[in-house]
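*Asks:* Quick one: structure below, then a few questions.
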Amino acid sequence: MKPDKHITAAMILLLMSALTSASAAWSAETCTAPTLPSVQAGIHRSVGYLLDSLHRNGRFTYRRYFDPSAKPAHASYNLLRHAGAIYALGLYYGLSGDNSVREPMQRAARFLTDCCIAPLPESRAGHNDMLVVWSDQKMTGIPSYPLVAKLGGVGLGLVALMSVEKVRPHQGKGEGDSRKMAIARRLGHFIVFMQEPDGRFFSRYLPALSPSRHGHDLLYYPGEAALGLLMLYQQDPNPVWLSAAVRALTYLADSRARAAPDKVEKDNWALIASAMLLKKWPQRVSREQTKKIIRHAALIARAILSDLPREQTPVTAGALEAGGRTVPTAMNLEGVLAALRILPNGYAPLIARLQTAADCAMDFLLRSQITSGALNGGMPIFPRLEDNFQRGPAVANIRIDYVQHTLDAMIGYAAQRIETRAAPQKPLK
């Protein structure tokens, strides 16, 4: 039989799509969903790593190297990842009730508030109700780094403080606000100040420039800000916080609906915020807004499923990222699990694919996690340790956010297993 001379470009694309789908289906069908006890063990290792990395002053060891003699090029520190680690410990507390993490969380939050949360320079000019999380040369370790307040830093700073507020012992309504709640409200006011009427956010605030609000559409920042506002609303039901979060998420949904499928950003933070919004306050969101947010969740979920490794190997099987790396897989798994919480039955085929992908990704992360030695509970960026070593100290290390995202994903997966399989929730202690 002679080959058809009239094969079109569209037919070639359809064939490539079919081959990709077949490869993804093959990898999904051959993976093994991990048991709940194995996931709980992974959670404990991750928590242990974060607690071992936390100093008495509340600062984390930002990077820990496979080779203890390796030295960083400069002593950088990232406050967004510091705040993210507090959030992860708060998720663990919510699942386990383990009081041993309360004091470390409070210590890490105290470091954040003492080092880096302060008013705007022009607070005397009508902005004295705002606080921000500042990044500067001293914190970043970069000599030329300007003084800047990042939307994502303020958003995750708010997330961290609200996580600590949840574990703070309350003695009754007459106790009054904690200091952190007062700070949180002022951070919330700054986030609202950074939002435009259509829901879009400015990304950075640079006091040395005029105007000071700069940049738009930086990945993750709007979702982090929306999550912070929703967690603040949960503790302080001011409709301003909820309204700003809803506008942010619907703006993201509208803007990404216009993007080409291969340009849709895999935004785990937006999905986490969306799931919190629709699970806790569905009655406060209009039908049209709900539809947009759900379509947005499905759009991102499909984008994640389209970015699997082209060639599955025993090492990369289950990875949710084309490069077979662990941390993007963990972040994408956070998004997948959030999407699974809110996608309705009308998305049944997508839900089935996402659940299989979640099972495979969790198995991949558990296989990749370090389970012994000084770095027990750490997560290398590449699943095979030798692949990290070959790339030198810049790669052969573990950052706190590698473990934070892994822990977030493991907790989300364990919570889903407990809920969907109607198993009694057992303390993780």
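The values are calculated or read from the model by the stated rules, or taken from the named source; none is laboratory data. From a predicted model like this one, the values you see are computed outputs, not experimental measurements. Cβ placement follows ideal geometry from the backbone for every residue including glycine, while neighbour counts extend to all protein chains displayed.
*Asks:* Just need a number here: residues in the range 312-326 that are surrounded by fewer than 19 Cβ atoms within 10 Å (Cβ to Cβ) and without any contact (Cβ under 8 Å) to a residue 60 or more places away in the chain.
*Replies:* 4
*Asks:* Just to be sure I understand the filter: pairs with C-beta atoms under 6 Å, separated by 6 or more residues or on different chains, first member in the range 364-380 and under 16 Å from Leu320 (Cα atoms), second member of a type outside the set (A, V, I, L, M, F, W, C) and in a loop (DSSP other than H, G, I, E, B). Which pairs pass?
*Replies:* That search, which allows pairs on different chains as well, returns Phe364/Gly318; Leu366/Pro34; Ser368/Pro383; Met379/Gln369.
*Asks:* Among the listed residues Pro239, Pro197, identify the single one that is within 30 Å of Asp136 (Cα to Cα), out of contact with any His (no Cβ under 8 Å at 6 or more places or on another chain) and surrounded by fewer than 19 Cβ atoms within 10 Å (Cβ to Cβ).
*Replies:* Being within 30 Å of Asp136 (Cα to Cα), out of contact with any His (no Cβ under 8 Å at 6 or more places or on another chain) and surrounded by fewer than 19 Cβ atoms within 10 Å (Cβ to Cβ) holds for just one of Pro239, Pro197, which is Pro197.
Okay, residues lined up against (1) touching a strand residue (DSSP E or B) at 6+ places or on another chain (Cβ under 7 Å); (2) in contact (Cβ under 8 Å) with a residue 24 or more places away in the chain; (3) farther than 23 Å from Asp236 by Cβ; (4) surrounded by fewer than 23 Cβ atoms within 10 Å (Cβ to Cβ):
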residue: Tyr77; (1), (2), (3), (4): no, yes, yes, yes
residue: Gln106; (1), (2), (3), (4): no, yes, no, yes
residue: Asp136; (1), (2), (3), (4): no, no, yes, yes
residue: Gly153; (1), (2), (3), (4): yes, yes, no, no
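Table: residues versus (1) part of a helix (DSSP H, G or I); (2) at pLDDT 95 or above; (3) more than 21 Å from Gly94 (Cβ to Cβ).
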position	(1), (2), (3)
Val164	yes, yes, no
Ala184	yes, yes, no
Ile191	yes, yes, yes
Pro197	no, yes, yes
Phe202	no, yes, yes
Pro211	no, no, yes
Gln234	yes, yes, no
Val246	yes, yes, yes
Ala253	yes, yes, yes
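*Asks:* Out of the residues in the range 264-311 that are β-branched (Val, Ile, Thr) and part of a loop (DSSP other than H, G, I, E, B), state the one that is surrounded by the most Cβ atoms within 10 Å (Cβ to Cβ).
*Replies:* Here the residue is Val285.
*Asks:* OK, next. Is it the case that the range 69-85 has a residue that's in a helix (DSSP H, G or I) and among the hydroxyl-bearing types (Ser, Thr, Tyr)?
*Replies:* no
*Asks:* Test each condition in (1) touching a Lys or Arg at 6+ places or on another chain (Cβ under 9 Å); (2) part of a helix (DSSP H, G or I); (3) buried (at least 18 other Cβ atoms within 10 Å of the Cβ); (4) not small (Gly, Ala, Ser) for Leu337 and report the one that comes out false.
*Replies:* Of the numbered conditions (1) touching a Lys or Arg at 6+ places or on another chain (Cβ under 9 Å); (2) part of a helix (DSSP H, G or I); (3) buried (at least 18 other Cβ atoms within 10 Å of the Cβ); (4) not small (Gly, Ala, Ser), the odd one out for Leu337 is (1).
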